[in-house]
2 protein chains.
Amino acid sequence: MRRGKVNIDRVFHALGDPTRRAIVERLSGGPISVSQLAKPLAITLAAVVQHLQILETSGLVHTEKVGRTRTCRIETEGLSAAEQWIADRRTEWEHRLDRLAEFLAEEEK
Amino acid sequence: MRRGKVNIDRVFHALGDPTRRAIVERLSGGPISVSQLAKPLAITLAAVVQHLQILETSGLVHTEKVGRTRTCRIETEGLSAAEQWIADRRTEWEHRLDRLAEFLAEEEK
């Protein structure tokens, strides 16, 4: 999934669920199969697959079937888009605080 | 809202809505009143207030009533928590890629 296709609504929505965040956390350590992924999660395989579909549509996870095994890995596009959106906000408010500090310093003179 | 109280589920869920992100974007530029905030948004004041409640419960926005005016400002706790969670994932996968590169370099020798 290319950057241009990432829908930021979907990324944040997908990350709002603790099971989906647990999947992303697990995959950050490296790619694993769907069944390995499902084992420690206290939910059905069908539920895991459903969460994976949401994560894949959001650009957070990529799954690929090789033979009879479906392997999942992190897709960095989704997390990068979320990270960038937050970083842009931080830049704005830090810039505002800098201007405020400058204004107060000028006032003091 | 103190750091310990931030619920990361709520933060990501809140950011999954385009109107709520537009509110956070606007407030990153500085505090404004609820009515100023509502003006450019094509929704009712009641809907804005509802979005603000969700943002406030998530630790993304702080509102305060002074006299007859309710003013809103960014609350950095929520965004920082989301930023930290994403940064932790990035650290993990970059660390894994480093280990992979080391392994491949060793193999080549």
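The values are calculated or read from the model by the stated rules, or taken from the named source; none is laboratory data. Just so you know, these numbers come straight off a predicted model, no measurement behind them. Here the Cβ positions follow ideal geometry from the backbone for every residue, glycine too, while neighbour counts run over all protein chains shown. Ligands, DNA and RNA are excluded from the accessible area calculation, which covers all protein heavy atoms including side chains. Shrake-Rupley method; radii C 1.70, N 1.55, O 1.52, S 1.80 Å.
Details
- Remark on region A:75-96: accessible area falls by at least 20 square angstrom from chain-alone to full-complex state for A:76, A:79, A:83, A:85, A:86, A:89, A:90, A:92, A:93, A:96, probe 1.4 angstrom.
- Comment: the Cα-to-Cβ extended label point of residue B:32, at 7 Å, lies 4.6 nm from its counterparts in the other copies, nearest first.
- Within the listed set A:41, A:97, A:27, the Gaussian network model of chain A (springs between alpha-carbon atoms below 10 Å) gives the highest mean-square fluctuation for A:97.
- Counting from the shortest, the label point at residue B:57, 7 Å from Cα toward Cβ, is 2.4 nm from the same position in each remaining copy.
- Whole-percent pair-distance distribution, where bins are 10 Å wide, for the alpha carbons of region A:44-109: 18, 27, 18, 14, 11, 8, 3, 0
- Spatial offset of region B:80-98 relative to region B:1-69 amounts to 27 Å, using the alpha carbon center of each.
- Whole-number D in µm² s⁻¹ for the protein assembly as shown, Kirkwood Cα-pair radius fed into Stokes-Einstein, 37 °C, 0.692 mPa s: 170 µm²/s
- With the Kirkwood sum run over all distinct C-alpha pairs, region A:1-84 has a hydrodynamic radius of 12.7 Å.
- In the protein assembly as shown, lysine pairs with alpha-carbon atoms under 24 angstrom apart (chain gap of 8 or more, or interchain): 4
- Chain A: relative contact order as a whole-number percent, Cα under 8 Å and 6+ apart: 31 percent
- Calculated label separations, residue B:109, copies of the chain, 7 Å along the beta-carbon direction, nm: 6.0
- When the accessible areas of A alone and B alone are added and the area of the pair subtracted, with a 1.4 Å probe, the result is around 2700 Å², both sides summed.
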